[in-house]
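Engineer: The structure that follows is given in the form of structure tokens.
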Amino acid sequence: MEQNVLRGKAWVFTDDVDTDLIYHNKYLAETDPKKMAQYSFEYYPGKEKFAKEAKPGDFVVAGRNFGTGSSREHAVYCLKELGIPVVLAESFARIYYRNAINNGYPVLFVKGLSDAIKEGKVKDGDELEVNIATGEIKDLTNGNTFHGDAVTDLEKDIMASGGLIEYLKAQAAKK
Amino acid sequence: MGKTMIQKIIQRASGKEVQVGDRVWCKIDLSTARDFGGPNCVLQFDEVTEKGKVWDPDKIAFTFDLQAPAHAEKVANNQKIIRDFAKRQGITKVFDVNWGIGQHVLLENGLVKPGDVILGTDSHMNLLGGVGAFATGVGNTDIVASWINGTLWFRVPETMKITVNGSFARGVCMRDFLTFLVGKLGADGMFFKAVEFYGETIEKSSLADRITLCSMVTEMSGKVGLIMPNGEVLDWLVKRAGTEVLDRVQTLKADPDAVYSEDLHFDVTGLEPMASCPDAPDNVKTVREAAGAHIDQVHIGSCSNGRFEDIAAAFEVLKAANFQISDSVRTIITPSTREVMKQCAEAGFIQKFLEAGVIFTNPTCSLCTAEHYGVLPGGDVGVSTTNRNFIGKVGKGSHTYLVSPMTAMASAVKGVLTDPRDILK
């Protein structure tokens, strides 16, 4: 079970974080996912140095509608490549949600997180402990706890395969 | 229990009786990619299939619109990746850099029918819901999956019903209603939902207005906005896409007892020109409230408001101002497609725009990206008919007001944010 418990620092974002703020349109011509990490949050005011300073294992923590805007999968690749193990948000924008699932990239839906961020109950730099199996989230800096829901239904099966392409290959092999 | 439009569309595409919340695999009628996202799709497809063949070359299309023609070597090389792939795979529906904005080009070329399930690497694909198609923006992995076996997974969404009645006052248009609606419902006001639009205002509206309406569903986090074609729009579509359109309109319209998650009613009579103020689409005020704001650039175009009717509305404002624009702002007009550009030429607009000092460009997505001419320097303020205005979207540290084509042109005339009713007297 231990491997399901992750520890890292929180990087906290607002509601409605648009894909241009996660991965700006200036870098859309990039086709190599490995090169996308360096541009993460470059255009987010106050988080310009995120790509340089975030450590593998740190968490992205956000309010409602994370990843609203463009269809660019770059906005998932960049965080995945940077080693952010999971995005915690109150909710995810539709296309971002699909792109995360399709890449086997974990997201947790955390009820009340938007208000908690606004009320300062989780702040930049807080040490978090996240159990990705149970969804239990502890802010070790201030003792606050949250609960995150993992994806369900077909999305859960796709995640378990490691992504959409892997899922399709597994399905084809079964036939 | 009756079905909504999206339920009927997904039933047709999946061959299954569906309920809200079901996850189903749908047959894809058209899977498209553009110069942005397209190269990623091609490279990923070649990698995972070891350069295999696509499921059906006739159901794949490429459009070149975000950076067209290429302005940098990297972009030029990306575009070549698409052209080479299309040739190798026998894909003939390639609308190169001379065509214009993808969704509009597909529509004009008769590739879109009500009920079609259409994918594209553009979050505003869903504007094709303006003719009753279920089109949706997706990432490259979804596109690649569809190219392998011609299907893709969807969650059957709830449907919201919005009825719009009344007539717009002079100087006010569908874009203003949309901006009002984004302000009212908020950035996630249609979260994951399909939306059906009804009412006399919708029934009388042009294709351009329906495109505006359905494109901005994305800015409220909706899945797709749907309007079943009627009247002149239906005639136009039948001419382009064939008589099958008529059957689809009958079989896929919502049942009278369909179940909706919300039933909202609006009356546009008395609505004023509206603006999405910096730095979010749902930061909405009336143009009157925000009038006089300093601006540096005006841009009219995009998949939301780049049709002939949009440019004609801007032209009317310019005409009312004796074809004089302010020297203090840079004014750029970008038609959505070559067909629209030709219409503008035939109507005599382009001559007048050029004489007034307007920059009239080739058809592209233009200022939806900072990787295009017209990018704003830090601290500059733009007025634009595009669909997003998050800080720095078209240049780090820049800000944008989103408005109608009429408000945009009125602002170009006065050199500050201006209510078009001050000019259209």
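Engineer: Of all strands (runs of 3 or more DSSP E) completely enclosed by region A:84-142, which ones contain at least 1 residues that are touching a Pro at 6+ places or on another chain (Cβ under 9 Å) and in contact (Cβ under 8 Å) with a residue 60 or more places away in the chain?
Structural biologist: Here the list reads A:127-131.
Engineer: Specify the residue that is farthest from B:Gly150 (Cα to Cα); the eligible residues are those in region A:127-175 that are within 14 Å of another protein chain (Cβ to nearest Cβ) and among the polar types (S, T, N, Q).
Structural biologist: Restricting to residues being within 14 Å of another protein chain (Cβ to nearest Cβ) and among the polar types (S, T, N, Q), the top hit is A:Thr152.
Engineer: Only residues that are closer than 20 Å to A:Val17 by Cα, among the small types (Gly, Ala, Ser) and not in a loop (DSSP other than H, G, I, E, B): list them for region B:173-196, please.
Structural biologist: Of everything in region B:173-196, just one residue is closer than 20 Å to A:Val17 by Cα, among the small types (Gly, Ala, Ser) and not in a loop (DSSP other than H, G, I, E, B), namely B:Gly183.
Engineer: It is to be established whether one or more residues within region A:52-67 are basic (Lys, Arg) and either surrounded by fewer than 19 Cβ atoms within 10 Å (Cβ to Cβ) or over 22 Å from B:Asp188 (Cα atoms) (or both).
Structural biologist: Yes, the conditions are met somewhere in region A:52-67.
Engineer: Of the conditions (1) at the interface with chain A (Cβ under 9 Å from one of its Cβ atoms); (2) under 15 Å from the mean Cα position of the chain (by Cα); (3) not charged (D, E, K, R), B:Asn140 satisfies every one except a single condition; which number is it?
Structural biologist: The single condition B:Asn140 does not satisfy is (2).
Engineer: Out of all the residues in region A:51-62, is one or more within 23 Å of B:Ala76 (Cβ to Cβ), modelled with pLDDT of 95 or more, touching a helix residue (DSSP H, G or I) at 6+ places or on another chain (Cβ under 8 Å) and not hydroxyl-bearing (Ser, Thr, Tyr)?
Structural biologist: Checked against the condition, which is being within 23 Å of B:Ala76 (Cβ to Cβ), modelled with pLDDT of 95 or more, touching a helix residue (DSSP H, G or I) at 6+ places or on another chain (Cβ under 8 Å) and not hydroxyl-bearing (Ser, Thr, Tyr), region A:51-62 yields no hits at all.
Engineer: Any residue in region B:294-321 that is within 17 Å of B:Gly100 (Cβ to Cβ) and in the same structural domain as B:Ser366 (by TED's automatic domain parsing) sitting within a Cβ distance under 6 Å of a residue that is among the small types (Gly, Ala, Ser) and surrounded by fewer than 23 Cβ atoms within 10 Å (Cβ to Cβ)? List the pairs, counting only those 6 or more apart or interchain.
Structural biologist: Pairs found: B:Glu309/B:Ser206.
Engineer: Given the residues B:Val383, B:Val358, which is the only one that is farther than 22 Å from B:Met216 by Cα, more than 9 Å from every other protein chain (Cβ to nearest Cβ), surrounded by 21 or more Cβ atoms within 10 Å (Cβ to Cβ) and touching a helix residue (DSSP H, G or I) at 6+ places or on another chain (Cβ under 8 Å)?
Structural biologist: B:Val358
Engineer: Here's another thing I want to ask about it. Test A:Glu42 against the criterion of being within 14 Å of chain B (Cβ to nearest Cβ) and either charged (D, E, K, R) or under 21 Å from B:Gly189 (Cα atoms) (or both), and give yes or no.
Structural biologist: Here the answer is yes, as A:Glu42 does meet what is asked.
Engineer: Any residue at all in region B:371-394 that is farther than 30 Å from B:Ala76 by Cβ and aromatic (Phe, Trp, Tyr)?
Structural biologist: Taking every residue of region B:371-394 in turn, none turns out to be farther than 30 Å from B:Ala76 by Cβ and aromatic (Phe, Trp, Tyr).
Engineer: While we're looking at this one, here's another question. Scan the helices (runs of 4 or more DSSP H) fully inside region B:232-305 and keep the ones with 3 or more residues being loosely packed, with under 14 Cβ neighbours inside 10 Å.
Structural biologist: B:244-252
The values are calculated or read from the model by the stated rules, or taken from the named source; none is laboratory data. Bear in mind that the values here come from a model prediction, so they are computed numbers and not experimental data. Cβ atoms come from the backbone with ideal geometry, glycine included; neighbour counts cover every protein chain shown.
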